[in-house]
1. Which of the residues belonging to segment A:55-97 are farther than 16 Å from A:Val38 by Cβ, among the hydroxyl-bearing types (Ser, Thr, Tyr) and part of a helix (DSSP H, G or I)?
2. Of the residues B:Glu15, B:Glu4, which single one is surrounded by fewer than 20 Cβ atoms within 10 Å (Cβ to Cβ), in contact (Cβ under 8 Å) with a residue 24 or more places away in the chain and not in a helix (DSSP H, G or I)?
3. Pairs, please: C-beta under 7 Å, at least 6 apart or cross-chain, first residue closer than 23 Å to B:Asp59 by Cα and in segment A:87-107, second of a type in the set (Phe, Trp, Tyr) and modelled with pLDDT of 95 or more?
4. Mind telling me which of the residues A:Val22, A:Val26, A:Val48 ends up being touching a Phe, Trp or Tyr at 6+ places or on another chain (Cβ under 6 Å), without any contact (Cβ under 8 Å) to a residue 60 or more places away in the chain and part of a helix (DSSP H, G or I)?
5. Of all residues in segment A:1-37, which are surrounded by 14 or more Cβ atoms within 10 Å (Cβ to Cβ) and of a type outside the set (Gly, Ala, Ser)?
6. Take the residues of segment A:77-98 that are in contact with a helix residue (DSSP H, G or I) (Cβ under 8 Å, 6 or more places away or on another chain) and either closer than 30 Å to A:Asn54 by Cα or basic (Lys, Arg) (or both): which is farthest from the other protein chains (Cβ to nearest Cβ)?
7. When only residues in segment B:65-123 that are among the hydrophobic types (A, V, I, L, M, F, W, C) and within 14 Å of another protein chain (Cβ to nearest Cβ) count, which is surrounded by the fewest Cβ atoms within 10 Å (Cβ to Cβ)?
8. Scanning for something within 11 Å of chain A (Cβ to nearest Cβ) and surrounded by fewer than 17 Cβ atoms within 10 Å (Cβ to Cβ), does segment B:126-137 turn up at least one residue?
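The values are calculated or read from the model by the stated rules, or taken from the named source; none is laboratory data. Owing to the predicted nature of the structure, the values given are computational and were not obtained by experimental measurement. Heads up, the Cβs are rebuilt from the backbone with ideal geometry, glycines too, and the neighbour counts pull from every protein chain shown.
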Amino acid sequence: MGDIDKIHLLGMVFSLFVLTSVGLLVRGRLLKEKYALVWLLIGAFILVMSVFDNLMDWFSALIGVDYAPSALFAILIACAYLLLLNVSVAISDLKRHNKALTQELGLTRLRLEELEKKVNRLER
Amino acid sequence: MGNERTLIVVPAFNEQHNILRVIADIRKDIPGADILVINDCSGDNTAERARAAGAQVVDLPYNLGIGGAVQTGFKYACAHQYDYVVQIDGDGQHIPAEVRKLRLAMERTGSDMVIGSRFLNVHSFKTTCCRRLGIRFFYWLFLVLLHIRVTDSTSGFRLYNKKCIGVLARHYPSDYPEPDAIVLLKKQGLNISETGVEMRARQHGESSITAWKSPYYMLKVSLSILFSCSRTRC
């Protein structure tokens, strides 16, 4: 049982590390609350799973998986997918905003050039 | 078209060999229209030559791609309240004198957008078998999904009226925008028609759709069309 205890301890340490890192990042405004939420959920999930080790056995029996760790893998991979989707949405959003800003910058630059020309003409 | 104002939008990316002639032709054949070149972060002298030829030039700070470049033109047209926008590509494929045909078609049909088609009545344009196949596919897709006949959905040679300008300034597809823009406008209840025009084979440079990119192009555009069709709001 010594090994199992070690891995549970490791899981707890890791999840606490994730949770505090997310907390610190949000506090330091390096991570938006919107994106922090999904990370907090995953951290909390790992923590709960490490503390209550029979929860996973109960859950895998519930969904009809014989080998509990594979149920855990399935859940974690699903989480990773959702997280990546989240990131893709965020990138698409950034691209959209970036495009709008770029266009606006180009148009504004043209306007500035025209104004400069006009001013130069008037001053002469 | 009387006192109505027309803006010619010329998207250009590394077209220093073509841009002078394109602008000279536009000035000769469409006098009275304003010319806006969208320099999509070219690495050559496209912008300088366009300015020297007497066009207004928007310099984009990084390469947005054809969709983002053309939309910049629509935004400009919207802000300056132009009545019509014509897209003429900077590579010299589109012949400015043919804009007359687009105008006549718009007057005749009363539609909001007129596409200059290479395949309607005119048979001067040689294109690859692959591209022909793709265009046929889109023809059927449009017929099934939107119940309109478009023989050349990938043509960028188009005349838009004020209603289209408003819609497209807000939303314009980014990557391969031409077929997708048709769906967008149709979804807004605008009318689209086509007229046959002549086009030149390009003189310098290469088409953006190379052989190995074309399956991706087909897939991407088909998907965009399907998504655009399923969108309820613009």
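1. Hits for segment A:55-97 are A:Ser60, A:Ser70, A:Ser92.
2. Just one listed residue meets the conditions, B:Glu4.
3. Partner pairs satisfying both residue conditions: A:Leu107/B:Tyr76.
4. Of the residues listed, the single one that is touching a Phe, Trp or Tyr at 6+ places or on another chain (Cβ under 6 Å), without any contact (Cβ under 8 Å) to a residue 60 or more places away in the chain and part of a helix (DSSP H, G or I) is A:Val22.
5. Those that are surrounded by 14 or more Cβ atoms within 10 Å (Cβ to Cβ) and of a type outside the set (Gly, Ala, Ser): A:His8, A:Met12, A:Phe14, A:Leu16, A:Val18, A:Leu19, A:Val22, A:Leu25, A:Val26, A:Leu31, A:Tyr35.
6. By that ranking, first place goes to A:Cys79.
7. Per the criteria, the residue is B:Ala79.
8. Taking every residue of segment B:126-137 in turn, none turns out to be within 11 Å of chain A (Cβ to nearest Cβ) and surrounded by fewer than 17 Cβ atoms within 10 Å (Cβ to Cβ).
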